[in-house]
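The structure under discussion appears below in the form of structure tokens.
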Amino acid sequence: MTDPWITEYTRFVVALAAIIDPLAAIPFFLQLTESYTVEERRRTARTAAIVVAVVLAVAAVTGDLLLRMMGTSLPAFRVGGGIVMLLMAISMLGAQQTPLRQTPEELVTSGDKTGVAVVPLGIPLLAGPGAISAVVIQMDRGTGLVHGLLVVASILLVAGSCAVIFRHAERVGRAIGPIGLNVIVRLFGLILAAIAIETIATGLKLLFPPLAG
């Protein structure tokens, strides 16, 4: 029988990977680094992964404090974050690139080789509102140092997978193909939709206790 805590963090890793979805970002990565050398692409992949790890880890550690400073409750954030994740899931099920991840203006201004790994690749294409919402909500699901370290470790695992996938983006893109990428994106979208609905339901129950009865 699987330990509940293992299931909890495995679920979080899958959800975060589905939200960030580095496989779906491969075409954008190749487009943004079209004129790059092999070494420049590798450096861009590494930098983007570091940006994702830092942004999400900081969001996980400081999210609760920031919400309190803004006078926003965590249950309300669960509902709002769940809606953001649901919108992303719907766009993934339709194999569409949602503006929640990257706007056309951010794509136009991404010509700087030194900055493309940060904006728009790291932020907001990978570490966007959905991913930030997910890590803040996950941090709220437990307490203690061990829980915090496991959440950060999960973030580092997903960020590391982004670096590996982007490092071999051309090879992965050719091996999976457009149809394979669409299938994976839709599968992740379905998983994310289920997680988003559960997150919204939990937030609503905390906001309106009678619903829990």
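Can you find even one residue in region 51-60 that is among the hydrophobic types (A, V, I, L, M, F, W, C), at pLDDT 85 or above, closer than 29 Å to P209 by Cα and surrounded by fewer than 16 Cβ atoms within 10 Å (Cβ to Cβ)? Outline the logic, then answer.
Here is the first cut: in region 51-60, the ones among the hydrophobic types (A, V, I, L, M, F, W, C) are 51-60.
Now narrow it down to the ones that are at pLDDT 85 or above: 51-60.
Of the ones still in play, those that are also closer than 29 Å to P209 by Cα are 59-60.
Retained after the next criterion (residues that are surrounded by fewer than 16 Cβ atoms within 10 Å (Cβ to Cβ)): none.
No.
Consider V119 against the criteria (1) out of contact with any Ser or Thr (no Cβ under 6 Å at 6 or more places or on another chain); (2) under 25 Å from L156 (Cα atoms); (3) modelled with pLDDT of 85 or more: it satisfies all of them except one. Which criterion is unmet?
Unmet for V119, out of (1) out of contact with any Ser or Thr (no Cβ under 6 Å at 6 or more places or on another chain); (2) under 25 Å from L156 (Cα atoms); (3) modelled with pLDDT of 85 or more: (3).
Look through L149, L181 and report the one residue that is more than 30 Å from V61 (Cβ to Cβ) and of a type in the set (A, V, I, L, M).
L181
Is there a residue being surrounded by 19 or more Cβ atoms within 10 Å (Cβ to Cβ), closer than 19 Å to L192 by Cβ and out of contact with any strand residue (DSSP E or B) (no Cβ under 7 Å at 6 or more places or on another chain) anywhere in region 29-50?
no
Which residues, counting only those in region 185-213, are assigned to a helix (DSSP H, G or I) and either more than 18 Å from F12 (Cα to Cα) or more than 18 Å from the chain's Cα centre (by Cα) (or both)? Steps first, answer last, please.
Initial filter on region 185-213 (assigned to a helix (DSSP H, G or I)): 185-207, 209-212.
Listed by number, the residues that qualify are R186, A201, T202, G203, L204, K205, L206, L207, P209, P210, L211, A212.
For L125, state whether it is in a helix (DSSP H, G or I), modelled with pLDDT under 85 and crowded, with 19+ Cβ neighbours inside 10 Å.
Values: in a helix (DSSP H, G or I): yes; modelled with pLDDT under 85: yes; crowded, with 19+ Cβ neighbours inside 10 Å: yes.
Yes, satisfied.
Report whether or not V172 is closer than 19 Å to I26 by Cα, touching a helix residue (DSSP H, G or I) at 6+ places or on another chain (Cβ under 8 Å) and surrounded by 13 or more Cβ atoms within 10 Å (Cβ to Cβ). Don't jump to the end; show me each part of the working.
Details: closer than 19 Å to I26 by Cα: yes; touching a helix residue (DSSP H, G or I) at 6+ places or on another chain (Cβ under 8 Å): yes; surrounded by 13 or more Cβ atoms within 10 Å (Cβ to Cβ): yes.
Here the answer is yes, as V172 does meet what is asked.
Taking interchain pairs and intrachain pairs at least six residues apart, which have beta carbon atoms under 6 angstrom, with the first residue in region 66-82 and farther than 15 Å from I200 by Cβ and the second surrounded by 17 or more Cβ atoms within 10 Å (Cβ to Cβ) and not polar (S, T, N, Q)?
Pairs that qualify, where the first residue is farther than 15 Å from I200 by Cβ and the partner is surrounded by 17 or more Cβ atoms within 10 Å (Cβ to Cβ) and not polar (S, T, N, Q), are L67/F77.
Looking at region 129-146, which of its residues are within 23 Å of V84 (Cβ to Cβ), over 12 Å from the mean Cα position of the chain (by Cα) and not hydrophobic (A, V, I, L, M, F, W, C)?
Within region 129-146, Q138, D140, R141, G142 qualify.
Could you grab me the full set of residues in region 14-65 that are farther than 19 Å from V185 by Cβ, touching a residue at least 24 places away in the same chain (Cβ under 8 Å) and not in a helix (DSSP H, G or I)?
T33, Y36
The values are calculated or read from the model by the stated rules, or taken from the named source; none is laboratory data. Just so we're clear, the structure is a prediction, and the values are computed from it rather than from any experiment. When we count neighbours, we look across all protein chains shown, and the Cβ atoms used for this are built from the backbone with ideal geometry, even at glycine.
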